[in-house]
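Quick note: the coordinates plus some simple rules give every number you see, no bench work behind them. This structure is a prediction, so every number in the text was calculated from the model and none was measured. We place every Cβ from the backbone using ideal geometry, glycine too, and count neighbours over all the protein chains shown.
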Amino acid sequence: YPTISSDGSKIAYATGLSATDLVLTVKDLNTREIKRLTSPGFVLQPMFSKNGTRVFFSHQVDGINHIAYKDLNSADSIQYVTKEHQSFFPAPFQSGEMLIYQRNREGQAREIVMLDLLSNEEIVIGLGMAPALSKDEKFIAYTSKVDGNWDIYVYNRFSKETKRVTFDGANDFSPSF
C-alpha cells in the first residue's frame, strides 16, 4: 500500500523479502534520496499527513500492531500513538495532529476511532474497518458489517451523522476519497 505525499514529492512504502522483515521507506521523487525509517519488522499502510511533515503507519511491536508516526523534519525517533490494541489503517488530518484509525479489541467488533494527538481524546465513531478521510476532512468513510453484509458508511464529523452509501448484496470494502 504505497502512498504519495499531497504535493507529489515523496512516496512511502514498505519493502522487504517477507512480511516479517518489512522496512518503512520514503523516497524523495525529486532528489531520488531514499530514507529507511524503521528497522525490519511488520510495517503496513503508510500515510502522509496532508502537510507532508509526518508519515503514519501500522507497526508491529511484540505481536501488537500499533499506529506510529515519524516526523520527517526531525531526527526524533518513531512516536507510537496506540499502545494496547491492534491498530490499522491510519488516516491523518492535514496538520498531523488528529488521526482516524481502525482499532481491534480482542473479543470485540472492530472500531473506527478519531484520536486527537494533542489531548489524547478519542471518539469511537462507528464499528468497522479501513477508514478513509475526505480531502476537506469533513467525512470519514469505512466498511461495516451490518446484517451479515459489508457495506460502505460515511460519517459526517460536523453533524455526527452516519449514512450507509452502498446497498447491494455484494460485500463492499476499502473506501477511498
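The table for this structure:
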read-out	value
Average Cα contact separation per residue, the chain, under 8 Å, 6 or more apart, as relative contact order %	11 percent
Rg in Å to one decimal, and Dmax rounded to a whole Å, for the chain via C-alpha atoms	16.2, 51
Estimated distance in nm for a label pair at ASP76 and ASP147, the labels positioned 7 Å out from Cα along Cα-to-Cβ	4.7 nm
Amide H within-cut-off set for ARG110, under 5 Å, with H built and near neighbours excluded	GLY128
Under the Karplus curve 6.51 cos²θ - 1.76 cosθ + 1.60, θ = phi - 60°, whole-Hz ³J(HN,Hα) for the stretch 122-133, x wherever Gly or Pro sits	10, 10, 7, 9, x, 9, x, 8, 6, x, 9, 10
Inter-centroid distance (Cα atoms) of the stretch 1-51 relative to the stretch 65-114, Å	16 Å
Reciprocal of mean inverse Cα separation for the stretch 1-86 (Kirkwood radius, Å)	12.9 Å
Low-density loop cleavage sites - trypsin sites (Lys or Arg not before Pro) in the stretch 116-145, where at most 10 other Cβ are within 10 Å (DSSP)	LYS135
Share of alpha-carbon pairs per 10 Å distance bin for the stretch 90-166, given as whole %	20, 54, 23, 3
